[in-house]
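The values are calculated or read from the model by the stated rules, or taken from the named source; none is laboratory data. Computed from a predicted model, the values in this text were never measured in an experiment. Glycine gets a Cβ as well: all are built from the backbone with ideal geometry, and neighbour counts include every protein chain shown. What goes into the accessible areas is simple: the full protein's heavy atoms, side chains included, and nothing from ligands, DNA or RNA. Shrake-Rupley method; radii C 1.70, N 1.55, O 1.52, S 1.80 Å.
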Amino acid sequence: KLCFSPDSRYLAFSCPSEINRESDLFALDLSNGTETPLLPHPADDTLVGWTPDGRGLLLTSDRRGGSDLWLLPFLAGKAAGELRLLKPNFSYHASLGITRSGALHYGIHERSSGIYEASIDVNTSKVLSPLKELPSRFRTWIIARTLSPNGRFLAFSRGDKEGFQVEDLKTGQLQEISFSPGVCSFQWPVWSADSRQFVVHGWTDDTQNGLHLVDATTGETTAIVVAEPGSDREAP
């Protein structure tokens, strides 16, 4: 669970702490590499996403017993206030993003083997065109697929290939993204707000894990966080 701040300066993520298996919330300042715990607590806190202004983080937490949706104020790389309960008994599978007006769209777990697109009126939520399935290559062997915020690029990984591909949905051009030798497994790509780059979590052959920053245009990759050898800390 990780995502860029709206200004792309911070990377917020949640992962198990070094003490127990419950997730905690952290912020990574990409300008200097500083990692800051945001919400140390025995509860299981999981990141959902940023508010549009970058001054708050949405998260789920079981600190009241069940899974609830909360808001944590954020300022200058740190938590900046008390948690605010937004919705009790909140259960979801994945965040689909938060609109400029602050509306959270999320999905529940359902089995699906395809990707579809449709036009909608963003002011009324009225569907303007019927669902249209994208080409068949986005089906059986496609995993970890994520659309860029501007709707133009689709980053995805295939089960029979290392690395990622980025498709320009406007031109149909495919960009092959290859990672450093020894990086053998990846999780979902997370786009920056400007759709120019994304982050993936990957493992190396010796089980080290880390975060890799990818330029969506050139395919250039940079390891921004790598666990120390022998570390048993799980990645975000």
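Worth a mention:
- Residue, nearest to the chain's Cα centre (by Cα), within the range 16-47, restricted to residues that are outside any loop (DSSP other than H, G, I, E, B) and under 17 Å from LEU58 (Cβ atoms): LEU47
- Residue under evaluation ILE108, criteria (1) surrounded by 16 or more Cβ atoms within 10 Å (Cβ to Cβ); (2) of a type in the set (Val, Ile, Thr); (3) without any contact (Cβ under 8 Å) to a residue 40 or more places away in the chain, criterion not met: (1)
- Among the conditions (1) more than 19 Å from the chain's Cα centre (by Cα); (2) surrounded by 15 or more Cβ atoms within 10 Å (Cβ to Cβ), the only one that GLY56 does not satisfy is (1).
- Scope the range 188-222; condition hydrophobic (A, V, I, L, M, F, W, C), surrounded by fewer than 20 Cβ atoms within 10 Å (Cβ to Cβ) and modelled with pLDDT of 80 or more; matching residues: ALA193, LEU213
- In the range 59-80, the residue that is most open to solvent (accessible area, probe 1.4 Å) out of those that are part of a strand (DSSP E or B) and closer than 17 Å to SER5 by Cβ is LYS78.
- Verdict on SER31 being under 25 Å from ALA223 (Cα atoms), surrounded by fewer than 19 Cβ atoms within 10 Å (Cβ to Cβ) and not basic (Lys, Arg): yes
- Highlighted here are the strands (runs of 3 or more DSSP E) found entirely within the range 81-187 that include at least 1 residues which are under 16 Å from PHE198 (Cβ atoms) and at pLDDT below 80: 94-98, 142-147, 153-158, 164-168, 174-177, 183-186.
- Among the residues of the range 4-21, those identified as of a type in the set (A, V, I, L, M, F, W, C) and at pLDDT 90 or above are PHE4, LEU11, ALA12, PHE13.
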